Amino acid sequence: MKYLRLALVIFASALAVAHAQQDQDEERRAPPVEIPDFSNLDEYIYEPRSTVQFGFRYLSGAKASFFGHGSILSPDDLTSDSTTPNITRTYHDGYVRPDGRPTTLVDSSGNPVVDPNSGQTGTQPVAPDGKTNTWQLTDSRQVGDPTRGLNDVPNGYVAFHSYSADVTDDTIRQKKTKTNSGMDISVVRDMGKLFHGRVSWNLIAGMSVNDISARTTSAVQANVTTITDYYPSYGQTVPITSLPYTAPSTTQQTVLDANGNAVTNSDGSVQTVSVDNSVLIGNVPALRTTANGVNITSVVNQWVVKGAYFTFRFGPEVLIPITSRLRIELSAGPALIYSGTAYTVNQTFTPDIGADITESDTNTVYKLRPGYFADASLQFDLTDKAGFFAGAVFQSASGYTQSLDTATAKYATKIDLSDQSGVRAGMSIRF
């Protein structure tokens, strides 16, 4: 008990000393710093000064002019030699090739000799006789027959043709491309106020892309050359019921023995052999003619230009307020147009006989042309940072000429990018 009272006295003494020390520390401590009063300062508000506009630009198309000359060469492998026999001559409506007739070996009875091992009929080359069994025709008008009245080919002959044409038309044909829409994007920077704050002005930089697409088709004047070779048919009837007719042709003939009886195989079947029944014509032309004449309907040209162009523009913009949310935006300045176009000319010749002959040539170019623009739009603000715009546009740039220079085409087109107008619309966002 004595020790408990002593411990309590010591603990109370320690608390008193600690409390006294804390009071001394608080007396020595500096007074608290007062919180500043910001109530008299102006409120700071950030105002966006840049705007992004994106939408579409609907422009009237560029104008294209087409002119020049071309030629349609004969696709046929027709040698200029019309006197050498037994060579290949390819025409637009068929061909004549070296004779391929075999001579069948026959026995004393006139029957074909058959190899007992292979079962094949023995043959040997035919002696040259000025004829050929290897040829083809595609049209009944190639065969001379006065009873049909279809052509002027002499009776007893087969005619083959080769065609070519030189375009001599000097007409300049013009075509305006279709109005088309393209992407449009621009960035606007607020540059300040004018006229005591009533009008604002900006700097604008924008880019748009639009298509170029123009085509026209027309018959053109051309000088047509027709080479005709005539081959005799030696009084044979040329089949024209199923065309094209291709020789050689064969039929199956029964093999007969010395007594005129059919020869049978070991299985009892009748033995047959293929016999050439081709209509023979001469293996060299009996006559060749060349006709030249001006034609205004047989050759049809199609001119096509396709591509796209980018318009880069930069300049000042003036903003005239109408209401708190509606204002007029006017801008103008220089422009730079980067254009890429592919120019194609298809020349199609429709001959009297045979399929159409077509020559197609293409050329691609890229051009950079200077110009200018002017836009006028209405801007409606939905909020302080977003709105819509719509208005009229105008731009103009110098044109360029694109040439097509090949062995069969000497054509050109002039692309006119001047005086293009349209509309633009989209959305604007300020930041």
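The values are calculated or read from the model by the stated rules, or taken from the named source; none is laboratory data. None of the values given here were measured: they were computed from a predicted structure. All Cβ positions, glycine included, derive from the backbone under ideal geometry; neighbour counts span all protein chains shown. Side chains are part of the model used for accessible areas, which takes the heavy atoms of the whole protein and leaves out ligands, DNA and RNA. Shrake-Rupley method; radii C 1.70, N 1.55, O 1.52, S 1.80 Å.
State all residues of the stretch 368-404 that are in a strand (DSSP E or B), of a type in the set (D, E, K, R) and either open to solvent by 70 Å² or more (accessible area, probe 1.4 Å) or under 30 Å from Y91 (Cα atoms) (or both); if no residue qualifies, say none.
none
Scanning the stretch 312-325 for residues that are open to solvent by less than 70 Å² (accessible area, probe 1.4 Å) and of a type in the set (V, I, T), which turns out nearest to A62 (Cα to Cα)?
V318
Among the residues of the stretch 340-350, what is the count of those that are open to solvent by 20 Å² or more (accessible area, probe 1.4 Å) and assigned to a strand (DSSP E or B)?
Number of matching residues: 4.
May I ask you to list the residues in the stretch 88-98 that are open to solvent by 40 Å² or more (accessible area, probe 1.4 Å) and in contact (Cβ under 8 Å) with a residue 40 or more places away in the chain?
Listed by number, the list holds a single entry, P98.
Name the residue that is least open to solvent (accessible area, probe 1.4 Å), counting only residues in the stretch 148-183 that are modelled with pLDDT of 90 or more, part of a loop (DSSP other than H, G, I, E, B) and among the aliphatic types (A, V, I, L, M).
V153
Going by what's in this entry, would S428 be described as open to solvent by 10 Å² or more (accessible area, probe 1.4 Å) and in contact with a strand residue (DSSP E or B) (Cβ under 6 Å, 6 or more places away or on another chain)?
Working: open to solvent by 10 Å² or more (accessible area, probe 1.4 Å): no; in contact with a strand residue (DSSP E or B) (Cβ under 6 Å, 6 or more places away or on another chain): yes.
No.
Name the one entry in I337, I353, I328, I357 that is modelled with pLDDT under 95, open to solvent by less than 70 Å² (accessible area, probe 1.4 Å) and not small (G, A, S).
I353 is the lone residue from the list that is modelled with pLDDT under 95, open to solvent by less than 70 Å² (accessible area, probe 1.4 Å) and not small (G, A, S).
Scan the stretch 243-260 and tell me whether some residue there is open to solvent by less than 50 Å² (accessible area, probe 1.4 Å), without any contact (Cβ under 8 Å) to a residue 12 or more places away in the chain, in a loop (DSSP other than H, G, I, E, B) and out of contact with any Ser or Thr (no Cβ under 7 Å at 6 or more places or on another chain).
Looking for residues that are open to solvent by less than 50 Å² (accessible area, probe 1.4 Å), without any contact (Cβ under 8 Å) to a residue 12 or more places away in the chain, in a loop (DSSP other than H, G, I, E, B) and out of contact with any Ser or Thr (no Cβ under 7 Å at 6 or more places or on another chain), one finds at least one in the stretch 243-260, hence yes.
Go through (1) at pLDDT 95 or above; (2) aliphatic (A, V, I, L, M); (3) open to solvent by 10 Å² or more (accessible area, probe 1.4 Å) and name the single condition A407 misses.
All conditions are met except number (1).
Just checking, which of V284, V318, V263 is at pLDDT 95 or above and more than 30 Å from T134 (Cα to Cα)?
Of V284, V318, V263, the one residue that is at pLDDT 95 or above and more than 30 Å from T134 (Cα to Cα) is V318.
Every residue, every condition in (1) out of contact with any Cys (no Cβ under 9 Å at 6 or more places or on another chain); (2) of a type outside the set (A, V, I, L, M, F, W, C); (3) touching a residue at least 60 places away in the same chain (Cβ under 8 Å), yes or no:
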site	(1), (2), (3)
S269	yes, yes, no
T272	yes, yes, no
P285	yes, yes, yes
R288	yes, yes, yes
S298	yes, yes, yes
W303	yes, no, yes
G307	yes, yes, yes
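Looking for whichever is surrounded by fewer than 17 Cβ atoms within 10 Å (Cβ to Cβ) and under 30 Å from T237 (Cβ atoms) here; the options are N265, N283, N277. Which one fits? Break it down stepwise before answering.
Working: N265 fails: under 30 Å from T237 (Cβ atoms); N283 fails: surrounded by fewer than 17 Cβ atoms within 10 Å (Cβ to Cβ).
None of the others qualify; the one that does is N277.
State yes or no: is S74 at pLDDT below 95, surrounded by 10 or more Cβ atoms within 10 Å (Cβ to Cβ) and among the hydroxyl-bearing types (S, T, Y)?
Criteria met by S74.
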